[in-house]
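One structure is given here, and the rest of the page talks about it.
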Amino acid sequence: MSTLDRRARQLARSLAGVAVTGLLVLAFATAADVLLRYAFAMPIRGFVDVVSLAGAVLLAACLPHVVATRGNIAVDFLGRRIGPRAQYWLDVFGAFAVFVFFALMAWQYLRYTIDMKSTGEVMAILRWPVWPWWAAVTLFVFITALVALATLTHREEASA
């Protein structure tokens with residue numbers, strides 16, 4: 001495993017660890033909000049605003065780990081039938097396609113974030129700007145593209 005691939009995996013694992021912890025906190029906060037809402041008619045003010053955007057950020061932070069561990073769906077029956085060398089090139093193509101997909105996605109999220117900032121979009125209840133949340137999503141999607149590029153550099157070529 002190359003140094004670049006190893007570091008990408010370490011970064012992805014760290015991000016996913018923090019994100020999963022954040023999702024757990026979000027789950028407990030959601031349970032608290034539901035309890036307060038129905039038992040005492042006192043929901044957490046603005047929680048709906050925060051939970052949707054925080055969920056997007058935390059889920060985006062998990063994406064690099066999925067790509068780094070090659071946990072995305074792969075169809076490899078064709079490669080097994082046509083041999084190890086073809087399997088290698090199919091894997092390279094798949095990794096490149098994942099990189100291109102996340103690079104394009106990061107670009108679109110960047111455009112969306114800039115639009116949110118320029119229009120001054122805010123949360124409905126708390127009136128906080130939403131662009132910082134989308135900037136975080138954009139950052140994690142960009143990191144995912146870089147991790148995909150790092151996995152592209154580490155492909156074990158099969159002997160033909």
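The values are calculated or read from the model by the stated rules, or taken from the named source; none is laboratory data. Keep in mind that this is a model prediction, so the values were computed, not measured. Glycine also receives a Cβ, built like all others from the backbone with ideal geometry; neighbour counts cover every protein chain displayed.
A few notes on this one:
- For the stretch 109-142, a residue qualifies if it is of a type in the set (Gly, Ala, Ser) and either part of a helix (DSSP H, G or I) or modelled with pLDDT of 95 or more (or both), and the qualifying residues are 118, 120, 135, 136.
- Residue match in the stretch 87-101 (condition: surrounded by 13 or more Cβ atoms within 10 Å (Cβ to Cβ), under 22 Å from the mean Cα position of the chain (by Cα), charged (D, E, K, R) and closer than 22 Å to residue 150 by Cβ): yes
- In summary, residue 119 fulfils each of the numbered conditions (1) in contact with a helix residue (DSSP H, G or I) (Cβ under 6 Å, 6 or more places away or on another chain); (2) exposed (fewer than 13 other Cβ atoms within 10 Å of the Cβ) with the single exception of condition (1).
- Residues of the stretch 2-54 satisfying the condition of being in a loop (DSSP other than H, G, I, E, B) and out of contact with any helix residue (DSSP H, G or I) (no Cβ under 8 Å at 6 or more places or on another chain): 41, 45, 46
- Among the conditions (1) in contact (Cβ under 8 Å) with a residue 24 or more places away in the chain; (2) under 13 Å from the mean Cα position of the chain (by Cα); (3) surrounded by fewer than 17 Cβ atoms within 10 Å (Cβ to Cβ), residue 71 misses just one, which is (1).
- Matching residues, the stretch 94-125, being among the polar types (S, T, N, Q) and either within 17 Å of residue 140 (Cβ to Cβ) or in contact with a strand residue (DSSP E or B) (Cβ under 8 Å, 6 or more places away or on another chain) (or both): 108, 113
- Residue check, residue 105 farther than 30 Å from residue 10 by Cβ and touching a helix residue (DSSP H, G or I) at 6+ places or on another chain (Cβ under 6 Å): no
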